[in-house]
Every structure is written in structure tokens, then in C-alpha cells.
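Structure record follows, encoded as C-alpha cells.
The values are calculated or read from the model by the stated rules, or taken from the named source; none is laboratory data. Values in this document were obtained by computation on a predicted structure and should not be read as measured data. Every residue, glycine as well, gets a Cβ built from its backbone with ideal geometry; the counts of neighbours run over all protein chains shown. Areas reflect the complete protein model, heavy atoms only, side chains present, ligands, DNA and RNA absent. Shrake-Rupley method; radii C 1.70, N 1.55, O 1.52, S 1.80 Å.
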Amino acid sequence: MSDVRLIFSVQAIRAFLYGFSSILIGASLAASGLDATMVGAVFTAMLVGMAISSLAVGRWGERFGRRRTYIGLLAVMGLAGAVFALTGSVPLLIVAALTGTLSTDPNESGPITTVEQSMLASTPPRERSRVYGRYNAVAYLAGAIGALAAGGPSALRDVIPALPPDQRWLLIMTVGAAACALIATRLSTVVEVPAEIRGEERG
């Protein structure tokens with residue numbers, strides 16, 4: 001499978017997860033008894049975290065390596081999802097939110113997207129518009145499906161009351177992130193910045 005298709009695959013899974021979790025996170029936080037101020041603080045931390053981590057990726061991502069940065073961010077995304085699925089502690093939720101790997105809406109535009117778009121830039125110039133167009137289309141379509149699927153746990157609970165609460169369903173973030181990281185390990189060195197270019201930039 002080509003690098004572009006691998007990135008599209010990860011993007012599709014991520015967008016589905018963000019669409020799913022963006023609905024359930026708010027619902028599960030409200031159900032946990034947090035007031036509007038605390039819920040707002042958690043969502044604010046997500047946005048702040050996305051800004052900080054995006055700047056960090058822009059500053060050090062190339063030096064660390066695009067693939068390693070990508071896989072690392074996906075792993076952190078899985079850990080952050082587990083925190084939201086398993087605890088109601090506001091300090092822990094804020095720390096997880098500040099990683100910048102979660103999103104308040106189905107279409108994340110933070111550090112992971114930054115890395116994906118930089119890797120897609122390695123495609124030939126004549127193909128970039130088509131590639132980026134499909135990339136965005138995949139994100140919006142998968143995000144919409146994820147948001148629609150977020151109503152599933154509640155609907156199923158009407159039939160099977162013993163099913164876990166909405167918060168536990170956020171563990172799908174951890175499973176999905178693991179799948180994304182596994183796919184990302186198959187990316188080739190083509191997505192990296194050539195060593196000679198990195199040397200020229202440092203010089």
C-alpha cells in the first residue's frame with residue numbers, strides 16, 4: 001500500500017474516532033456531575049493543547065522524524081482517550097486534554113494533521129491538489145459517520161440496559177489509536193525530509 005493510502009487510512013480512523021468522541025466526551029463529562037465551568041475548562045485545555053503541541057511539532061517534528069513523531073502522537077492519543085474513558089478526575093482530564101491529541105470536533109486540525117499534511121507534501125506537485133482534496137473528503141465523511149455512530153451506545157442501552165455508560169465507550173479511542181499507530185509503522189522513508197535538506201536548514 002502506498003504512503004498516501006496509509007495516511008488516508010489513518011486519517012479515516014482518526015476522523016471517525018474524533019467524530020465519535022466529540023459527542024460522547026461532552027455527554028460523559030456532564031453525566032459525571034461536572035458543572036458547565038469544569039466542562040468548559042476541559043474543552044479549553046483541548047484547544048490550548050492543540051495549539052501548543054502544533055507549535056512543538058512545527059519546531060521539533062522534522063528533527064525527531066516525521067514517522068516517529070506521527071506514531072508517538074498516535075500513541076499519546078490512545079493514552080489520552082483511556083484517561084477520558086476511565087476517570088472523572090478534572091486534573092487528569094486536563095492533563096490528557098493538554099496533549100493536543102484529542103479534538104472538540106470531528107475534524108482535528110492539530111499536531112497529527114500537521115504531520116500528515118507535511119508527509120503528503122512529498123507527493124508530486126501535479127498531484128497535490130487531488131491528494132489534499134481526497135484527504136479532506138475522507139476526514140469529513142469519516143467524521144460524520146463517527147458522529148452518527150455516537151448515538152449507538154445510548155440506543156443499544158435502551159435494548160440492553162447492562163451495557164457500559166457512555167464514558168467507557170471512549171476506550172474505542174485507545175483501540176483505534178493503536179490500529180492507527182500500527183498502520184503508521186508501514187510508512188516508507190519517502191515521507192521523511194531528506195538528510196541533506198535537514199543539514200542545509202540547520203546550517
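Take every Cα pair under 8 Å in the chain that's 6+ residues apart, average their separations, divide by the length, and report that relative contact order as a whole percent.
Normalised by residue count, the contact order of the chain is 41 percent.
Which of the peptides 47-53, 141-147 is most tightly packed, and how do the rest follow, going by the mean number of other Cβ atoms within 10 Å of each residue? If you can, show how the numbers build up before the last one.
On the way: 47-53: 17.9, 141-147: 19.9.
Result, highest mean first: 141-147, 47-53.
Ordering Asp158, Asp35, Asp166 from largest to smallest accessible area (1.4 angstrom probe), what's the sequence?
Asp158, Asp35, Asp166
Mind checking Rg over Rh on the chain, alpha carbons, Kirkwood formula for Rh? Please report the intermediate quantities before stating the final value.
Working: Rg = 17.7 Å, Rh = 17.5 Å.
Reported Rg/Rh (Cα atoms, Kirkwood Rh): 1.01.
Once both axes come from the Cα atoms, what is the angle between helix 36-64 and the longest principal axis of the chain, in degrees from 0 to 90, rounded to 10?
Compared with the principal axis, the helix lies near 20 degrees.
How tilted is helix 171-184 with respect to the longest principal axis of the chain? Cα atoms for both, answer in degrees (0 to 90, nearest 10).
10
Roughly how many debye, to the nearest 20, is the charge dipole of the chain about its Cα centre, given +1 on each Lys and Arg Cβ, -1 on each Asp and Glu Cβ, and no other charges?
That gives a dipole near 440 debye.
What is the angle, in °, between the Cα long axis of helix 111-120 and the longest principal axis of the Cα atoms in the chain? Nearest 10 is fine, range 0 to 90.
Its long axis makes an angle of about 40 degrees.
Just by accessible area at a 1.4 angstrom probe, what is the order of Tyr140, Tyr70 from largest to smallest?
The ordering from most to least exposed comes out as Tyr140, Tyr70.
Quick one: ranking Thr123, Thr44 by accessible area, 1.4 Å probe, largest first, what do you get?
Descending order: Thr44, Thr123.
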